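Okay, structure first, notes after.
Nothing in this text is a laboratory measurement; each read-out follows from the coordinates by a stated rule. Note that the structure is a prediction, hence the values are computed from the model and not measured. All Cβ positions, even for glycine, are placed from backbone atoms using ideal geometry, and neighbour counts span all protein chains on display.
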């Protein structure tokens, strides 16, 4: 797997591809990246810039990660409450 490219490189590659002066395949070959990689960067840029409507995979992933954090906190609270309740029932009164 090739090393990740810096964000500035990606941004500039997308700009070159969007200018339309050369086909995407030619630009990708000149930059020594695959055509599919450049097209993926362009798709990500569309989502980030809001040019694509609807729920994107990135937005959905961010929402799922947020929900996962919330559920993790809730589980931890329930574990602590359960342990506290169990300890209270075991101790003599």
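Points to keep in mind about this one:
- Cβ crowding within 10 Å averaged over residues, with 4-17, 59-72 ranked highest first: 4-17, 59-72
- Here is the size of the chain from its Cα atoms: Rg then Dmax, 24.2, 83 Å.
- Report summary: the helix-based calculation at 222 nm, which adds -39500 (n - 2.57) for every DSSP H run with n ≥ 4 and divides by the residues of the chain, gives -25000 deg cm²/dmol.
- For region 1-53, projected area of the alpha-carbon convex hull averaged over all directions, nm²: 3.8 nm²
- Highest average packing first - 20-28, 74-82, Cβ atoms within 10 Å: 20-28, 74-82
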